[in-house]
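Q: The structure that follows is given in the form of structure tokens.
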Amino acid sequence: SHCCVIIGASHAGVNLAFALRKEGWQGSIKLIDADPHLPYHRPPLSKGFLTETPVDGREPIEKIQLKPIASYEKNDIELMLGLRVESIDADAQQLTLTNGETLSFTKLVLATGARPFMPPIDGLQDAKNLFPLRTATDVIDIKTALTNGNKNVVIIGGGYIGLETAASLRKLGHQVTVLERESRILARVTSPQLSAFFTELHQQHGVEVLTDKDVVKITTDDKGCNQIPNQIICADGSQFSADIIIVGVGIRVNSELAAAVGLKIEHGGIKVDRSAKTSFDNIYAIGDCSYHFNPYYQRFVRLESVQNAVDQAKIAAQSICGKEAEYNAVPWFWSDQYHVKLQMVGVGTGYTDIIERIERDDNSKRSLWYFKEQQLLGVDAVNHSKAYVLGTRFIKAGIIVNKQKLADTCIDLNAENV
Ligand code: FAD
């Protein structure tokens with residue numbers, strides 16, 4: 001009988017399981033994850049879930065679950081949580097779990113996502129209260145370490161996760177320092193303009209944002225009871241004390257299982273075709289772990305976003321059910337920090353010029369429009385949903401935007417004017 005086994009029960013895997021039923025998959029569905037929690041949304045981990053206090057000592061994890069437990073039962077999706085897949089035998093169509101159990105599959109989906117990259121910093125292993133931030137358990141541990149008074153928190157890495165965490169911890173009243181190795185925060189993912197905006201935003205909220213800080217060593221001594229246990233030392237000789245250290249310096253794809261069976265791995269991701277199929281016929285890869293072709297940009301990309309996980313899951317489900325399906329989505333992403341809602345659409349990298357708009361009637365609304373010559377590549381909208389919606393429409397339709405009009409804030413931003 002047919003069985004689809006999905007490794008990874010997060011945004012990609014869970015959406016796939018439900019999409020399979022919607023597409024009429026008749027066989028069984030097994031959804032495996034090493035994480036013991038009922039599958040949950042990750043974006044709130046650095047936002048609302050971090051700032052929310054437990055009620056009667058219980059963490060409000062139900063608030064962030066992807067689906068209530070009853071829907072898995074109703075859709076006949078077998079959840080196998082707290083179990084890790086150790087190896088795959090592609091020829092025998094079998095996999096082995098770390099508890100020794102074996103499972104057979106007719107279709108296999110790798111939705112294995114990624115794990116935090118832990119940089120090779122001298123003394124990192126022995127640091128006290130040092131955490132990555134990827135799982136619910138990570139956040140519960142961070143919240144435990146944050147109890148009993150205001151703490152001195154150092155965040156290594158000024159990417160979205162580090163910055164959202166900084167905003168959340170300021171809200172809770174802790175002291176926060178962000179140490180960024182590059183010469184600006186968000187250097188890997190966005191333009192200098194947006195980096196400058198977020199630097200100022202965090203400084204206004206009392207975060208110490210320091211760039212060109214390459215952390216090389218951590219020394220730890222927690223014998224004294226009032227002493228701050230960790231000393232962080234940077235390449236330039238500067239030192240910082242920390243009760244708690246949060247590391248947010250990027251991820252590495254969980255691609256070991258795929259590599260071991262001989263699937264193609266490129267640019268750190270599992271290479272798939274337009275239907276999310278890997279180099280093996282009955283094996284698919286979706287979400288953060290996949291390296292896939294994006295037709296809007298005519299190149300392969302690896303994306304870390306809920307949008308990509310959800311959209312690829314739909315395509316894979318259709319393909320597994322024998323339907324023609326090709327991934328064809330404009331990427332989008334969001335981030336919440338303080339009162340600022342950032343919405344991004346497209347892929348801005350490789351731009352030749354940027355148009356920045358700050359709306360005259362409300363200067364809290366701004367947008368950055370990234371162009372490669374005449375082609376609109378992407379839009380970053382700050383508290384400005386309209387810019388985000390319009391940008392999405394223009395990119396999808398391949399509309400050539402009149403840049404002069406777009407740059408002129410005397411002209412309202414709407415579809416007719418640009
Ligand atoms: P993952 O979520 O990484 O899940 C993969 C799962 O596979 C994991 O649960 C893992 O335990 C499991 N797994 C891996 N290997 C095995 C194995 N061998 N055996 C068993 N299980 C295994 N995106 C946005 O669009 N907007 C945001 O605002 C945003 N905020 C974020 C905030 C945080 C703190 C984090 C961590 C991420 C955020 N993201 C955001 C990114 C988004 O959460 C990811 O893109 C998304 O989770 C990817 O889903 P996925 O299912 O591909 O992979």
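The numbers here are math on the coordinates, done by the rules we state, and not lab data. Keep in mind that what you see is a predicted model, and the values were worked out from it rather than measured. FYI the Cβ positions are ideal-geometry reconstructions off the backbone, even for glycines, and counts take in every protein chain you see.
Q: Normalised by the number of residues in the range 1-119, what is the relative contact order in percent for Cα pairs under 8 Å and 6+ residues apart?
A: 36 percent
Q: What is the local net charge at residue 96, summed over the other residues whose Cβ is closer than 9 Å to its Cβ (Lys, Arg +1; Asp, Glu -1)?
A: On the way: positive: none; negative: 86, 89, 101.
Here the charged neighbours net out to -3.
Q: Would you work out the relative contact order for the chain, in percent, from Cα pairs under 8 angstrom that are 6 or more residues apart? Walk me through the numbers before you get to the answer.
A: Working: 897 pairs, mean separation 59.1, N = 418.
Answer for the chain is 14 percent.
Q: Please sort 74-80, 186-192 by packing, taking for each peptide the average over its residues of neighbouring beta carbons within 10 angstrom, highest first. Walk me through the numbers on the way to the answer.
A: Working: 74-80: 15.9, 186-192: 17.6.
Per-residue Cβ counts within 10 Å, averaged per peptide and sorted highest first, yield 186-192, 74-80.
Q: Order of 363-375, 397-409 by packing, highest average Cβ count within 10 Å first? Present the calculation step by step, with values, prior to reporting the outcome.
A: On the way: 363-375: 17.2, 397-409: 13.2.
Output ranking for 363-375, 397-409: 363-375, 397-409.
Q: Helix-derived [θ] at 222 nm for the chain: sum -39500 (n - 2.57) over DSSP H runs of at least 4, divide by residue count, nearest 500? Don't skip to the answer; put the middle values down first.
A: Values: 10 runs with 97 residues, N = 418.
Only helices count here, giving -6500 deg cm²/dmol.
Q: For the range 172-331, what relative contact order do you get, as a whole percent, if you take Cα pairs closer than 8 Å and at least 6 residues apart?
A: Details: 238 pairs, mean separation 19.8, N = 160.
In percent, rounded to a whole number, it is 12.
Q: Applying 1/(1 + (r/R0)^6) with R0 = 30 Å to the Cβ-Cβ distance of residue 92 and residue 70, what FRET efficiency is obtained, to the nearest 0.05?
A: After rounding to 0.05, the efficiency reads 0.30.
Q: How many angstrom separate the Cα center of the range 46-115 from the Cα center of the range 125-160?
A: Result: 24 Å between the Cα centres.
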